[in-house]
Amino acid sequence: MKMGAKVAGMGAKQFFAKDVLATVKRVASKIGINILQRSIVKYTVPIASIGIGSSWNYLATRNVGRFAVRHFKQRAAAGSPP
């Protein structure tokens, strides 16, 4: 088994000579960049969505609250029963 591992290791070193190794590195680099881009998009979109959604909810709730305060102040000023 040890001899087989050594032979396989030597064979791999010979197979992955400078030219093949350079080609494998280029391909791996392109694949790695593609995976990195996908990961960035995968995690950026939900974070942006959370920010946009929470901002929208805050603004909508604030506007509804202002409307309610104005409405109840007008009712109180008019002397209407609740």
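Placing +1 on the Cβ of every Lys and Arg and -1 on the Cβ of every Asp and Glu, with no other charges, gives the stretch 26-80 a dipole of roughly 60 debye about its Cα centre. The residues of the chain present an accessible area of 94 Å² per residue when probed at 1.4 Å with all protein chains retained. Note on the chain: helix-only mean residue ellipticity at 222 nm, from DSSP H runs of 4+ residues weighted -39500 (n - 2.57) and normalised by residue number, equals -33500 deg cm²/dmol. Derived value for the chain: Kirkwood hydrodynamic radius 19.3 Å. Basis is the mean of 1/r over every pair of different alpha-carbon atoms. Build a GNM of the chain with springs between Cα atoms under 10 Å apart, and of GLY53, GLY65, GLY11 the one that fluctuates most is GLY11. Positive end of the dipole of the chain (Cβ unit charges, origin at the Cα centre): among PRO46, MET10, ALA22, the Cα lying farthest that way belongs to MET10.
Axis of helix 18-78 versus longest Cα principal axis of the chain: the two differ by about 10°, to the nearest ten degrees.
The values are calculated or read from the model by the stated rules, or taken from the named source; none is laboratory data. From a predicted model like this one, the values you see are computed outputs, not experimental measurements. Please note: Cβ atoms are built from the backbone with ideal geometry, for glycine as well, and neighbour counts cover all protein chains shown. Side chains are part of the model used for accessible areas, which takes the heavy atoms of the whole protein and leaves out ligands, DNA and RNA. Shrake-Rupley method; radii C 1.70, N 1.55, O 1.52, S 1.80 Å.
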